[in-house]
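Report on one structure; see the data block that follows.
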Amino acid sequence: MNKIDGLMFRQMILGGARNLKKNADYVDSLNVFPVPDGDTGTNMNLSMSSGAAEVEPLDDKHIGNVGKHFSKGLLMGARGNSGVILSQLFRGFSKAIEGKEDIDADEFIEALKQGVKTAYKAVMKPVEGTILTVAKDAGEKAEEFKDSDASLVDVMSATLEEAKASLKRTPELLAVLKEVGVVDSGGQGLVYVYEGFLSALTGEEIEADESQESALLNADSHDHNDDFDDFMSVDDIEFGYCTEFMVRFEDEKREFKEDEFREEMSEFGDSLLVINDDEIVKVHVHTETPGEAFTYAATYGELIKMKVENMREQFRTVHGEKNTAAAEKESYDTAVITVSSGEGINELFKSLGVTHVINGGQTMNPATEDIVNVIKDADVKQVIILPNNKNIIMAAEQAVKVLDVPAAVVKSTSIPEGLTSMLSFNPEAELEDNERAMSESLNHVQTGQVTYSVRDTKIDGIEIKKDQHMGIADGKIITANDSKKDTLHTLISEMINEETEIITILIGEGGSEEEVEAVVNSIEGSHEDVEFEIHNGAQPVYSYLISVE
């Protein structure tokens, strides 16, 4: 094969998307921290799927046109850092083939090169040992074939083999990967995409995954927006979180008995659906306490494919409780968009002046398009975006480029940072002044998190056992303990210093006011000048979020 046109490139894209989708769970499992939030595979899969959806209906031999559609789909669907970097790799690739009917091996090699350049340029501080390195090394191997008689199959084969070799080297470039014993998750995702590309070129097209796990995942799924007509108002929704997950059974865990499992799961809420085979059970339930449902289910095995959606927020979006569809557009001089998870935290943000809340965060990174669409029907003069998660910042920055009004990203990496930045927000100020003041405030807050470990590991010299509670301060695990209360106490004690004035504790699922009050009473005696604030955040994944200012 000496040339590829739009039809073949479409097949390559679809092959890459299918292969990545089949292996997304494994990519998720390569999370460095043993916290229940590994989502690189999910983000890359959703990003790639968005690009594939743009080209799937095309019947166009013009490869430049196909590339343009692919790039657009990736851009708008990009989620998480790896998803955004993937979109930039193929944005540069698509720019290089723009206007061309077909491309030969040399043009393909040049497109790979331009993709790497674009991706590196998009990242402010590129880190080696990541998807960027894998893409760069693979592209450099491809360049060795330039001006040769090599076919496109030869070039893609060599590119893939070098991508795999580079992936194996990532632990030598990033110490934390070596310590934990994994390769880079984003790089692994790119390898799966390249495998799909090669399969399409060789005619060994990868079929859609028809495994039991995939079949269970898609079984009886439905859009619960259809159920909203049963409710008169958001207050009628008794169980507000649509919760879906799968459990892969483990021999050493509790024996699965369907009737017993179904009966006990029914205690968590309504709209229960349980589907299982010999290895996996899939659960759908509407509940007020997704975290408790996860904890119970984990007694049977390993949790996979977890998803939580706030139905009250979706009801508001679908039915427009504040304004009917026929009402006039909402008007804002400055719209403030925040990404948040947890009804209590959402209300805190709104009380501080946030105008639009996107339900998301760990395990639920919104796409660029999600951020753009949230204000598409509003009359807005300027926009401020609070990502509240380091893995959402790049998608937010892409949204700024797409929005047709002046916009800025305040690079908050946690909920506490986002809340603190809103204290510096002035609705009367210019966009640049708000961006400066809110960004400056991020320097004066520390973020603490208490969650549980999903596997045994060792990080920074700390031995961590599966299901232990971990205390994380500004992204560093500092303690692991069987007791959640002791973990919270140690974490706060470690974060307090002479300049600490106020500590805010947001109680999530799995946390309790009793535990917090016991810890606060214990600490207050030796830190009389520190003020404590306690709120019910209702956030998933993290039992407690702590802000130290």
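The values are calculated or read from the model by the stated rules, or taken from the named source; none is laboratory data. This is a predicted model, so every value here is computed, not measured. Counting neighbours? That spans all protein chains shown, and the Cβs are built from the backbone with ideal geometry, glycine included.
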Run residue 191 past the list (1) assigned to a helix (DSSP H, G or I); (2) modelled with pLDDT under 95 and report the number of the one that doesn't hold. (2)
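Could you say which residue among 156, 124 is buried (at least 19 other Cβ atoms within 10 Å of the Cβ) and over 16 Å from residue 47 (Cα atoms)?
On the way: 124 fails: buried (at least 19 other Cβ atoms within 10 Å of the Cβ).
Sole residue among the options that is buried (at least 19 other Cβ atoms within 10 Å of the Cβ) and over 16 Å from residue 47 (Cα atoms): 156.
Any residue at all in region 306-319 that is more than 28 Å from residue 247 (Cβ to Cβ), surrounded by fewer than 20 Cβ atoms within 10 Å (Cβ to Cβ) and modelled with pLDDT of 70 or more? Please lay out each step first, then the result.
Here is the first cut: in region 306-319, the residues more than 28 Å from residue 247 (Cβ to Cβ) are 315-319.
Filter again for surrounded by fewer than 20 Cβ atoms within 10 Å (Cβ to Cβ), leaving 316-319.
Right, trim to modelled with pLDDT of 70 or more and you get none.
No, region 306-319 contains no residue that is more than 28 Å from residue 247 (Cβ to Cβ), surrounded by fewer than 20 Cβ atoms within 10 Å (Cβ to Cβ) and modelled with pLDDT of 70 or more.
How about region 1-109: which helices (runs of 4 or more DSSP H) wholly inside it have at least 1 residues that are acidic (Asp, Glu), surrounded by fewer than 24 Cβ atoms within 10 Å (Cβ to Cβ) and not assigned by TED's automatic domain parsing to the domain that holds residue 366? It would help to see each step written out before you state the result.
Numbers: elements: 6-22, 24-29, 40-55, 63-77, 80-96.
In region 1-109, 24-29, 40-55 are the helices (runs of 4 or more DSSP H) which contain 1 or more residues that are acidic (Asp, Glu), surrounded by fewer than 24 Cβ atoms within 10 Å (Cβ to Cβ) and not assigned by TED's automatic domain parsing to the domain that holds residue 366.
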Only one of 204, 172, 210 that is modelled with pLDDT under 95, loosely packed, with under 15 Cβ neighbours inside 10 Å, at negative phi and in contact with a Gly (Cβ under 8 Å, 6 or more places away or on another chain): 172
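Can you tell me which residue within region 175-188, out of those that are buried (at least 16 other Cβ atoms within 10 Å of the Cβ) and at pLDDT below 90, is nearest to residue 129 (Cα to Cα)?
To start, the set of residues in region 175-188 that are buried (at least 16 other Cβ atoms within 10 Å of the Cβ) comprises 177, 180, 182-188.
Okay, now just the ones that are also at pLDDT below 90, so 177, 180, 182.
Values: 177: 9, 180: 14, 182: 11 Å.
Taking the candidates together, the pick is 177.
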Would you call residue 424 at pLDDT 90 or above, assigned to a loop (DSSP other than H, G, I, E, B), touching a helix residue (DSSP H, G or I) at 6+ places or on another chain (Cβ under 7 Å) and of a type in the set (Gly, Ala, Ser)? yes
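Please indicate, with yes or no, whether at least one residue in region 270-281 is on the phi > 0 side of the Ramachandran plot and outside the structural domain of residue 540 (by TED's automatic domain parsing).
Yes, region 270-281 contains at least one residue that is on the phi > 0 side of the Ramachandran plot and outside the structural domain of residue 540 (by TED's automatic domain parsing).
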Please indicate, with yes or no, whether at least one residue in region 165-178 is in a helix (DSSP H, G or I), within 25 Å of residue 367 (Cβ to Cβ) and of a type in the set (Gly, Ala, Ser). no
Qualifying residue in region 382-402 (condition: crowded, with 19+ Cβ neighbours inside 10 Å, more than 20 Å from the chain's Cα centre (by Cα) and assigned to a helix (DSSP H, G or I)): no
